[in-house]
1. Could you check how many residues of region 277-290 are surrounded by fewer than 18 Cβ atoms within 10 Å (Cβ to Cβ), within 15 Å of Gly352 (Cβ to Cβ) and either touching a residue at least 40 places away in the same chain (Cβ under 8 Å) or under 13 Å from the mean Cα position of the chain (by Cα) (or both)?
2. Note down all Cβ pairs under 6 Å where the first residue falls in region 428-450 and is closer than 14 Å to Cys339 by Cβ and of a type in the set (Ser, Thr, Tyr), the second is modelled with pLDDT of 90 or more and open to solvent by 10 Å² or more (accessible area, probe 1.4 Å), and they're at least six residues apart or on different chains.
3. Since Ser422 meets every condition but one in (1) assigned to a helix (DSSP H, G or I); (2) small (Gly, Ala, Ser); (3) at pLDDT below 85, which condition does it not meet?
4. Please go through region 18-66 and pick out each residue that is more than 30 Å from Arg209 (Cβ to Cβ) and among the polar types (S, T, N, Q).
5. Only residues in region 73-84 that are touching a residue at least 12 places away in the same chain (Cβ under 8 Å) count as the first member; pair them with residues that are part of a helix (DSSP H, G or I) and among the polar types (S, T, N, Q), Cβ under 6 angstrom, at least 6 apart or cross-chain, and list the lot.
6. Can you name the number of the only condition in (1) small (Gly, Ala, Ser); (2) under 21 Å from Val252 (Cβ atoms); (3) open to solvent by less than 10 Å² (accessible area, probe 1.4 Å) that Ser32 fails?
7. Evaluate region 213-234: report whether one residue or more is surrounded by fewer than 19 Cβ atoms within 10 Å (Cβ to Cβ), of a type in the set (Lys, Arg) and either within 14 Å of Leu34 (Cα to Cα) or under 26 Å from the mean Cα position of the chain (by Cα) (or both).
8. Taking Gly352 as meeting all but one of (1) modelled with pLDDT of 85 or more; (2) buried (at least 21 other Cβ atoms within 10 Å of the Cβ); (3) over 17 Å from the mean Cα position of the chain (by Cα), write down the number of the exception.
Amino acid sequence: MVTGLSTFLGIVFQLISVPICLKYWGKDTYGSWLALYAAFMMVRSLDVGLVSYVGNKLNYLYHQDLIALREHLASSITGIVIIGVLQLSIGIAAIFFNKIVILPGISTVRVVNYQSGLALLILIATWALSGSYVGIVHRLLIPTGFMYQAAWWSMGFQFGMFIGIILAALFHFNMLQTSVLFAFVQFSIYFASVIYIRRKLPAFYPWWRGCRPLTGIKDLGRSMLLTASNIINQGTTNGTVILISALSSPAVVPVFTTVRTLANLWKNVTNVLTTPLLPEIVRYHATGEARKLLSTCAAHWVLVGSAVNIGVLITYPFIKPMYGFWTGHTVVLDKTLLCLLLAGVVLANVGGLITLHLNGINSLHILLAASAGQTGMSLGLGGFLFLRFGLAGLGMGILCGELAALLVLGFYFFRRELPRQSGRLPVLSIMPITASTLSVMMFLLSEGGGFAGAPYLYPVALLGVVAAALWGWHGLEPDVRTRLVSMIGDRFVGKGNV
């Protein structure tokens, strides 16, 4: 519930900030900030791999070896220092060369002028000095039973960023002033969280005690595939913003980001309902309980899959009038782009738990392969189609990227990962989610393509999703259905108040 509240507030903050920024900053300045922030997130992604790798290791070792946990926690500061130096070097280079190259052939980010380069350096420097290592420390909260407190801190960070962007727009700050404000807010929140974690988990403090540089360097080396995967993923999210700015103009960026924000509301729902399962599915992997993992996967498809698919369909008719009110009628809704991005979100929802599982157990090679395929389609194919069809072409590339990632991860999970644990998924168990997803995709692609029969497909799609949900529910194991019903009844009827 706390994670859901955090995501809900994040959505509300986005919905509120967009019209305010468009009104007080205008499309050009707002688009420039979005492009600059996207460049910062690309550079920031250099340490995401190490943070995720060590964080997953802490979650795993907490149940096996606390001494090893402390060693990897302390030693990770070595890798953070190395990455921090690289990030600062990129920031400094951006000032003098007006562009940054993160990895050859993967991401090139152009910086508009000296002021924007300095603004980028401020954001990078503050993150390198305050956010990277603290991000690893935050991962201690998950296995130690403080997962919802971590969600509260995430909520606080979102609130701080929201206040920062609103103030920057209201006072007509330039890029440099905005970056200083963001850096101050970010540092303040992370410093406060450090004090909190020290008080709640004193047994692990000081976190850097027992640092072994060799261990840290080994962890850094092992995390490089995950780092590359995250950088490539950033190419799909922030790279598209940079691509639009480069191929068109900053004024076109809000057209894309506003539609993507609406589509990603349902991706956030998937994350909210899936992320809390991380400790359990990692434990199932560690203890070799493949049957429980499969049962969780099937239940996830029935509950989360059906909720997202029905939600997408029910809310679709209300998007157009809401969009005009939300943007103050300063941005025209691109219906084709919206349908394509929603279709991509529906596909991503199918593989939500699989992706979480493979991330949690550090399956780095397959994650990199999936990320490479997704970004190649999104930026390569999407960029090519953008030149011919505009934003709709970019949406086609993103949809193809989501499909490619789903196929790669799904094939690996069912054909490689499960057999290692003597697990096997019956073909019939994936039929309900397949039927549900195809029902939604059929309507969205028809609507986005402007087919005359699209309105008649809407009730058909709704009926298909509901029927698939009932089919999937009855296909669950009886004890799983009983536990789910009992859990809901205990929470909302009786035992939740005991």
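1. 0
2. Ser446/Leu457
3. Result: Ser422 passes all but (1).
4. Thr29, Ser32
5. From residues that are touching a residue at least 12 places away in the same chain (Cβ under 8 Å), the pairs are Ser75/Thr215; Ile80/Ser132.
6. Among (1) small (Gly, Ala, Ser); (2) under 21 Å from Val252 (Cβ atoms); (3) open to solvent by less than 10 Å² (accessible area, probe 1.4 Å), Ser32 violates only (3).
7. yes
8. (3)
The values are calculated or read from the model by the stated rules, or taken from the named source; none is laboratory data. From a predicted model like this one, the values you see are computed outputs, not experimental measurements. Quick reminder, even Gly has a Cβ in these numbers, built from the backbone with ideal geometry, and neighbours come from all protein chains shown. Heavy atoms of the whole protein, side chains included, go into the accessibility calculation; ligands, DNA and RNA do not. Shrake-Rupley method; radii C 1.70, N 1.55, O 1.52, S 1.80 Å.
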